[in-house]
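Rule-based calculations on the coordinates, nothing more; no lab input. Since the model is a prediction, treat every value here as computed from it, not as a measurement. Neighbour counts are summed over all protein chains in view; Cβ atoms, including those assigned to glycine, are modelled from backbone coordinates with ideal geometry.
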Amino acid sequence: MSAELLPLDNSFIPFDLLFKIGLAHIENDELTLKALFTGLPHSEMGMRYHFRRLLANGWIEVQPSPSDRRSKRVIATCKLLDQLKLLDQGFVKAVEQHMKSLDGASSDRSN
C-alpha cells in the first residue's frame with residue numbers, strides 16, 4: 001500500500017527519508033539537512049540522489065533554519081503529509097480487518 005501512495009522504488013532510502021521527515025513534522029522537531037543525512041544508515045551519495053528527486057517532485061522542501069542561519073531545515077510538504085494521512089488510514093483499516101479475521105478464525109475453532 002505504501003508504494004501506491006508514496007514515491008518508493010526498489011530502495012529503502014526514499015522510504016527512510018520520507019518517514020524521518022514525517023516523524024520530525026509530527027514531533028514538531030526541526031530537522032536539519034545534516035541531521036537527516038547523518039541519522040540514516042545509507043550512503044550519502046544514495047541519499048542525495050533520492051533527496052533531490054523528492055525535492056524536485058514536491059514531496060519535501062528546504063528552508064533556512066529560523067534558529068541557526070547557517071543551517072537549512074527539511075520540511076514535509078502538504079503533498080507528503082496528505083499521503084502519510086492516507087497511508088495511516090489504510091494501515092488502521094488493514095489492522096481492523098486482520099483483527100476481525102482473527103476473531104472469526106478463533107470462533108470457528110471453538111465450535
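At a glance:
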item	result
R52 vs. criteria exposed (fewer than 14 other Cβ atoms within 10 Å of the Cβ), outside any helix (DSSP H, G or I) and either touching a Leu at 6+ places or on another chain (Cβ under 7 Å) or not β-branched (V, I, T) (or both)	no
Answer residue from the stretch 44-86, given it is in contact with a Pro (Cβ under 8 Å, 6 or more places away or on another chain) and of a type outside the set (S, T, N, Q) and is nearest to I13 (Cα to Cα) among those	H50
Options R69, R73: the member that is of a type outside the set (S, T, Y), over 17 Å from L6 (Cβ atoms) and touching a strand residue (DSSP E or B) at 6+ places or on another chain (Cβ under 7 Å)	R73
